[in-house]
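The values are calculated or read from the model by the stated rules, or taken from the named source; none is laboratory data. This one's a predicted model, so the numbers in the text were calculated from it and none came from an experiment. Ideal geometry is used to build each Cβ from the backbone, glycine not excepted, and the neighbour counts take in all protein chains shown. For accessibility, only protein heavy atoms count, side chains too; no ligands or nucleic acids. Shrake-Rupley method; radii C 1.70, N 1.55, O 1.52, S 1.80 Å.
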Amino acid sequence: RDRNLNALIFLYPQFRLETFFRGKELEGSDPWGVLKSVRKLANKARIPTPKVYVIDSKCPQAMVAGRSKKAARITLTQGLLDLLTQEELHAIIAYQVASIHKQDIVAHTVAASIIDFLMTVAGALDIVFHVLSGAKRSNKTLQSHLFSFLVSPLASFFLHLEIGRSSYLKTDKLAASWLDDPRPLASAIWKLHSYRLTRPMHVPLAMAHFW
């Protein structure tokens, strides 16, 4: 039974991600030099070269997911490819590869499974409450999303418990160590933070930390 539960935890988020973020695999030669960067950095990290997917979104974002180093995949948005310089793009890929090397993807996957389960149950309870109370479906008051509102802080707390700030900083440091000049990484992170405020990417709560 435990093995079945572990299999569900590791496989379920992968299927959910592929459903929400369908992308086209990047193959052959690409004008951004992404595949070349991925191969070079994967060799430095001593991991199998991950596949790269591009999704048609103007929001500049990058994500890495997978059940293991061998199954890892990097997903980039078209907005990221269009808005970053080649040096910044190489630095962001270094960060994704560092996440794979450190096995951050395992923690991300487990967190996504548990948070998605919590929010799904809360959403189902909200629907039941709607039916029993006779509330209109179009009602968007706090009362109509009571259980989701109560569960959200718990999900956020669990996420910060599972994936702390120090984990991201360690990944930053590892990625920077693979770069000849770490400044493009700092520049890229600053840009992504700025674009997040003006070009937000709307994703399910349980999947947000992947990006």
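Scan the helices (runs of 4 or more DSSP H) fully inside segment 91-209 and keep the ones with 2 or more residues being surrounded by fewer than 19 Cβ atoms within 10 Å (Cβ to Cβ) and at pLDDT 80 or above.
165-177, 183-198
Give the residues of segment 173-188 that are of a type in the set (A, V, I, L, M, F, W, C) and either touching a Lys or Arg at 6+ places or on another chain (Cβ under 9 Å) or under 17 Å from Ser37 (Cβ atoms) (or both), sorted by residue number. Spell out how you get there, then give the answer.
Taking segment 173-188 as the starting set, the residues that turn out to be of a type in the set (A, V, I, L, M, F, W, C) are 174-176, 178-179, 185-186, 188.
Across segment 173-188, the qualifying residues are Leu174, Ala175, Ala176, Trp178, Leu179, Leu185, Ala188.
Give me a count of the residues in segment 69-90 that are surrounded by fewer than 23 Cβ atoms within 10 Å (Cβ to Cβ) and more than 23 Å from Val203 (Cα to Cα).
So the count comes out to 6.
Would you please name the residue that is farthest from Leu192 (Cα to Cα), looking only at residues in segment 30-65 that are in a loop (DSSP other than H, G, I, E, B) and open to solvent by 90 Å² or more (accessible area, probe 1.4 Å)?
Arg46
More than 30 Å from Thr49 (Cβ to Cβ), modelled with pLDDT of 75 or more and of a type outside the set (Lys, Arg), is that true of Asp82? Give the derivation first.
Details: more than 30 Å from Thr49 (Cβ to Cβ): no; modelled with pLDDT of 75 or more: yes; of a type outside the set (Lys, Arg): yes.
Answer is no for this residue.
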